[in-house]
1. Averaged per residue, what accessible area in Å² does the range 130-342 show with a 1.4 Å probe, protein chains only?
2. Which whole-number percentage describes the relative contact order of the range 130-342, with Cα contacts under 8 Å and a sequence gap of 6 or more?
3. Would you pull out the residues with amide H under 5 Å of residue 257's amide H, same chain only if 5 or more places away, H placed 1.01 Å from N?
4. What dipole magnitude, in Debye to the nearest 20, does the range 130-342 give about its Cα centre under +1 on Lys/Arg Cβ and -1 on Asp/Glu Cβ?
5. Could you pull out every one of the lysines with an alpha carbon less than 18 Å from that of residue 290, ignoring same-chain neighbours closer than 8 positions?
6. Using only the Cα atoms of the range 130-342, what do you get for the radius of gyration and for Dmax, in Å?
7. Given a 1.4 Å probe and every protein chain left where it sits, what share in percent of the accessible area of the range 130-342 is carbon and sulfur?
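The values are calculated or read from the model by the stated rules, or taken from the named source; none is laboratory data. On a predicted model such as this, the values are computed, not experimentally measured, just so you know. Here Cβ is always computed from backbone atoms with ideal geometry, including for glycine, and neighbour counts include all displayed protein chains. Areas reflect the complete protein model, heavy atoms only, side chains present, ligands, DNA and RNA absent. Shrake-Rupley method; radii C 1.70, N 1.55, O 1.52, S 1.80 Å.
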Amino acid sequence: MVYWCTPILTNILAAYVHAQMNAPYPGTHLPAGYPPEYPSAAYPGPPGSTGYPAPQLGYPAPQPDYPAPQADYPAPQPGYSVPPAGYSGGGPVGFPVQHQPMSYQSGGPAGVPWMPAPPPPSNCPPGLEYLSQIDQLLIHQQIELLEVLTGFETSNKYEIKNSLGQKIYFAAEDTDCCTRNFCGPSRPFTMRILDNMGREVITLERPLRCTSCCFPCCLQEIEVYAPPGVPIGYVNQTWDLCLPKFTVQNERREDVLKITGPCIVCSCCADVDFEIKSLDDKYVVGKISKQWTGLVRELFTDVDNFGIQFPLDLDVKMKAVMLGACFLIDFMFFENTRGEQRSGVW
């Protein structure tokens, strides 16, 4: 009896061991028919493959030291403003504005747009990047109605444009009432030049000096700062018996260029040119022109229009100094009202 049952028990034990060894996870009993079979003919794989592998039986257990999610995550700020449509972000901190907003002058059918700011070159003072890609400036003085009607001297204001008519800067004189009306065109002044964002990028300082060439030790001068407080150049009047002459200097008081005007500085139906020359007087590299504005304006107002031409590759600091030279020339020779312009250096 025992000899007959031994083969049966041996077969049962071998079948149990075989089933345990072929199970995916030892000790786990899966339902019948699991995992399902995926025929390779119905779901072909890449060339050379026999089909997609069967899906995994389950996800692995999480790691024992895995950090739990933060419980006190800050909630959104209740008063946070929603960005406007089309907002592209603020960009990196300190990155210069490549294209500033286009604003338009009130009055006129279409207005006058501001010039977009080009990429600033290396070692360029902030705000002078506008000058890096132009070789001409137009300075238009605004008409003050109170000054025209009463002769009461008001602060001068100017629009500075490029050759396309786009505004680059706005210049405003900063002087008190007594200085303007008692000192006249010989008055000392501070000229503040602003960009289209309202930032003061250039400051011009004209000290009180003598207007006659009989005193060569106290001639006219203007100081140029960009940004305010940082000197970048000077324009000094040079003594000469017949011609108005100026010397353009850099921030180290080194001579860079010369400016020479005509013997008779009088605009009568024609422009008056002040040539910008090299130090040896051999080359004319540009000019500052007082433009004829018409008989009525010339006779009854001191409103002047100027044009400045200089080399395109001239240092932006020297271009800003040329702007200061233009304002100095305006006050010295063309600021007298009602057509009383100086006819020369005297």
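1. Details: 9160 Å² over 213 residues.
So the range 130-342 comes to 43 Å² accessible per residue, rounded to a whole number.
2. Numbers: 465 pairs, mean separation 36.0, N = 213.
Normalised by residue count, the contact order of the range 130-342 is 17 percent.
3. 248
4. Numbers: 22 positive and 30 negative charges, 16 e Å.
Using only the charged Cβ atoms, the result is roughly 80 debye.
5. The reachable lysines, counting only those whose Cα sits under 18 Å from residue 290, are 157, 161, 245, 258, 277, 319.
6. Over the range 130-342's Cα set, Rg and Dmax evaluate to 16.1, 47 Å.
7. Working: 5220 of 9160 Å².
In the range 130-342, the share of accessible area belonging to carbon and sulfur is 57 percent.
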